[in-house]
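Only one structure is covered here, and it is reproduced in the block below.
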Amino acid sequence: MDQESLRLFIRRKIQNGRLPHDGITRVWSSRSDGETCDACDATLAEDQLLMEAVTLDLGRRPIQLHVRCFQIWDHERRAISHVTEPTISSGFSFKDRATLIAQNDLSSVAREALEFQGGELTSHFEATLTKHVAEELLAKCTELGLWVGAMALRAELMRSK
C-alpha cells in the first residue's frame with residue numbers, strides 16, 4: 001500500500017474506532033513473531049520490528065503495529081484530536097456508493113469519505129462523515145434519486161442537530 005493510501009486507511013480506522021485516538025501511556029518494540037498489524041492488517045515478517053503501545057483506553061489491549069504504521073498512526077491521531085467538527089455515521093448500499101463515487105462533480109473530501117472507509121458490512125457500506133460532507137451527499141443522493149441513502153442522511157443530520 002502506498003504512503004498516502006496507508007495514511008488515509010489509518011485515519012479512517014481512527015475515525016471509526018477501529019484504532020484508538022487516545023494518548024500513549026507506554027510503548028515498546030521487539031522482534032515480530034508474525035503478529036498482524038492493527039493499522040494495515042498485514043502480517044509482520046519475523047525479521048521486522050513490532051511496535052506495541054498501551055493507550056489511555058485501559059479497556060483495550062495494546063496495539064501492535066509496523067514501525068511505519070506506528071509513526072503514521074501517532075501523527076494521524078494527534079491531527080484528528082485537533083478536529084472539533086462532529087461526525088455522523090450513515091449507511092449506503094454498495095450500488096449507491098459506487099454511483100456517488102462515479103460523479104465528476106463530487107468534492108474530493110466527499111469522494112475520500114466514500115472511498116477509504118473500512119466499515120463495510122454485508123449488505124451496505126457504513127460511512128463516517130462530517131456534517132458538511134453529509135449535506136453534500138444528501139444533495140447528491142436527492143439529485144440522483146438515491147432515496148434510501150438520502151433518507152438515511154437526512155435522519156442522521158436531523159439527529160445531530
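Just a few scattered comments:
- Counting only strands (runs of 3 or more DSSP E) that sit wholly inside the stretch 1-81, not one has at least 3 residues that are touching a residue at least 60 places away in the same chain (Cβ under 8 Å) and either surrounded by 13 or more Cβ atoms within 10 Å (Cβ to Cβ) or out of contact with any strand residue (DSSP E or B) (no Cβ under 7 Å at 6 or more places or on another chain) (or both).
- Some residue of the stretch 74-86 being within 22 Å of L8 (Cα to Cα), more than 20 Å from the chain's Cα centre (by Cα) and modelled with pLDDT of 85 or more: no
- Pick from the stretch 104-132, criterion part of a loop (DSSP other than H, G, I, E, B) and surrounded by 15 or more Cβ atoms within 10 Å (Cβ to Cβ), ranking: modelled with the highest pLDDT: L106
Residues checked against (1) at pLDDT 90 or above; (2) within 28 Å of G23 (Cα to Cα):
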| residue | (1), (2) |
| --- | --- |
| E52 | yes, yes |
| R60 | no, yes |
| S89 | no, yes |
| F94 | no, no |
| T99 | no, no |
| A134 | no, no |
| E156 | no, no |
| R159 | no, no |
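The values are calculated or read from the model by the stated rules, or taken from the named source; none is laboratory data. Just so it is clear, the structure is predicted and the values come from calculations on it, not from any experiment. Please note: Cβ atoms are built from the backbone with ideal geometry, for glycine as well, and neighbour counts cover all protein chains shown.
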